[in-house]
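Each value in this text was obtained by applying a stated rule to the coordinates, not by laboratory testing. Owing to the predicted nature of the structure, the values given are computational and were not obtained by experimental measurement. As a convention, Cβ positions derive from the backbone with ideal geometry for all residues, glycine included, and neighbour counts pool all protein chains shown.
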Amino acid sequence: MNPEEAITTALERIDGLSAHVFPVEGLKNARAPFVFYLRRQHQTEDSLEGPTELQTADFEVHCVARTYASLIWLAGMARSALLGLQGQTMDGLTIEHVTVQQASPDLKEREADLYRRAFTLRMNYQEEVTHE
């Protein structure tokens with residue numbers, strides 16, 4: 001499993017989000033509620049001896065809903081689901097640490113008549129190396 005799959009798995013457990021979590025920027029024809037995310041940065045942590053197995057990935061996570069009240073609920077559930085990844089091991093992926101912060105004020109997408117909240121997600125993780 002990779003970090004993107006872990007994010008998708010965690011968020012799709014939220015009521016109404018099954019098959020509504022996308023690893024791409026906002027979809028024009030997607031039915032709200034939905035969540036999309038983008039990987040912004042990836043790096044391997046270094047020590048004095050060189051690279052370690054610990055990696056860090058930064059994501060933008062966007063929650064989109066039809067009403068502001070449903071956005072507040074969805075964003076709260078998404079934040080909890082993402083924070084719940086910390087300490088989890090799934091199919092060779094160990095998530096050491098997770099931080100989630102609101103990235104900007106909530107937005108009303110007037111053209112689509114939808115509400116959106118963006119988070120920044122930082123994930124420190126290790127992937128099991130398979131030797132074949």
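Here are the numbers:
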| item | result |
| --- | --- |
| Highest-MSF residue in the chain out of THR94, THR120, THR67 [GNM, Cα springs under 10 Å] | THR67 |
| Global form of the chain, assessed from the alpha-carbon gyration tensor, a/c cut-off 1.5 | prolate |
| Tilt relative to the chain, helix 68-83 - C-alpha long axis, 0 to 90 degrees, to 10 | 10 degrees |
| Within the chain, helix-based [θ] at 222 nm, where runs of 4 or more DSSP H residues each add -39,500 (n - 2.57), nearest 500 | -6000 deg cm²/dmol |
| Amide H within-cut-off set for LEU93, under 5 Å, with H built and near neighbours excluded | GLU128 |
| Choice from ALA103, ALA19, ALA69 showing the highest fluctuation, given a GNM over the chain with Cα pairs closer than 10 Å | ALA69 |
| Cα long-axis angle, helix 3-12 against the chain (0 to 90 degrees, to the nearest 10) | 40 degrees |
| Cα-centred dipole magnitude for the chain, charges only on beta-carbon of K, R (+1) and D, E (-1), debye, nearest 20 | 1000 debye |
| Most fluctuating residue given options PRO33, PRO105, PRO23, as computed from a GNM of the chain linking Cα atoms under 10 Å | PRO105 |
